[in-house]
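Just below is one structure, and these are the notes that go with it.
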Amino acid sequence: MSRTPLISGNWKMHLNHLEAIQLCQKLSYELARHRYDQVEVSLHPPFVDLRSCQTVIDADRLEFKLGAQDCHSKDSGAFTGEVSPTMLAKLQVSYVIVGHSERRALFGETDEVVAAKAAAVAKHGMTPIVCVGETLDDREAGRAAEVVTTQLRGSLAKLTRAQFETLVVAYEPVWAIGTGRNASPEDAQDMCAKVRTVVNDIRSGAGEQVRIQYGGSVKPVNAAELLRQPDIDGALVGGASLDAVQFARIVQAAA
Ligand code: PGA
């Protein structure tokens, strides 16, 4: 089965809406000759930038998919400061990152919370990018596979069989995020293969379809070797996604 690679830019809490528009335009310039039938690209700006980016993508007919970095699990309600999946769907958001390690570590998100968010995203016709990954302590204690398995079982618990068909999982070792220290292609491949096996155990047959991204200090220098691994179907890119030239080179490495 051939899986179309997905390269996602997670802008985190960077860029106001004017800067976001500029980055969309610079990226479209850098990727002008790119074949989008070979690689899918999603951009995940902060919530306040979404409408501006969506307008640019629409008006200039850019081939990027719009993405969000998080959302609440409920459609509406008294949840001050939160953004619902229905609001994102209305903005033509295609992909929503859920359970990023920064959300888990800094905002106390449990697998149960992540599962509810993933199900809510899928219910509204968008695709969740469900993040999992071990800490350095876990890895050094030989617990990496066990931790990732537990996160997957918890975080994917509420998805239906049909929702597994479009699912994206991002394997992001916590110690590699924003540190400049990426997992070796071999270690990343091993864990992504493990993720595929676990997804298949949860829903038999889903393992072949699920797209698995590697994330954690993906840069132009290491992208090609990581993306060449048989079980790595794309990348979730943080720092390097804020630079149009670097991000375009990562997309090209996937093509
Ligand atoms: P990084 O971030 O590429 O800056 O390591 C990846 C992520 O947090 O998704």
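Odds and ends about this structure:
- The residues of region 227-255 that are in contact (Cβ under 8 Å) with a residue 24 or more places away in the chain, assigned to a helix (DSSP H, G or I) and under 17 Å from the mean Cα position of the chain (by Cα), listed by number, are Leu227, Gly239, Ser241, Leu242, Phe247, Ala248, Ile250, Val251, Ala254.
- Filtering Ala68, Ala115 for residues that are under 18 Å from Gly215 (Cβ atoms), of a type outside the set (Ser, Thr, Tyr) and surrounded by 20 or more Cβ atoms within 10 Å (Cβ to Cβ) leaves a single hit, Ala68.
- Within region 213-226, residues that are near the ligand (Cβ under 6 Å from one of its atoms) reach partners that are part of a helix (DSSP H, G or I) and at pLDDT 95 or above with beta carbons closer than 7 Å, at six or more positions or on different chains, in the pairs Gly216/Ala176; Ser217/Ala176; Val218/Leu226; Val218/Ala240; Val218/Ile250.
- Within region 21-37, considering residues that are at pLDDT 90 or above and under 19 Å from the mean Cα position of the chain (by Cα), the one nearest to Leu242 (Cα to Cα): Leu23
- Pairing residues of region 172-196 that are over 19 Å from Ala105 (Cα atoms) with residues that are more than 10 Å from the ligand (Cβ to nearest atom) and in a helix (DSSP H, G or I), at Cβ distances under 6 Å and at least 6 apart in sequence or on separate chains, gives Asn182/Asn222; Pro185/Glu225; Pro185/Leu226; Ala188/Leu226; Lys194/Ala145.
- Set Thr55, Thr80: member being away from the ligand (no atom under 16 Å from the Cβ), loosely packed, with under 15 Cβ neighbours inside 10 Å and not in a loop (DSSP other than H, G, I, E, B): Thr55
- Evaluation of Ala120 against (1) without any contact (Cβ under 8 Å) to a residue 40 or more places away in the chain; (2) surrounded by 15 or more Cβ atoms within 10 Å (Cβ to Cβ) (one fails), failing number: (1)
- Only one of the listed residues (Val199, Val251) is under 24 Å from Gly67 (Cα atoms) and away from the ligand (no atom under 16 Å from the Cβ). That residue is Val199.
- Of the residues Val174, Val169, the single one that is in contact with a strand residue (DSSP E or B) (Cβ under 9 Å, 6 or more places away or on another chain) and within 23 Å of Val237 (Cα to Cα) is Val169.
The values are calculated or read from the model by the stated rules, or taken from the named source; none is laboratory data. Because the structure is a prediction, the values reported are computed rather than measured. Methodologically, a virtual Cβ is constructed for each residue, glycine included, from the backbone with ideal geometry; neighbour enumeration extends over all protein chains shown.
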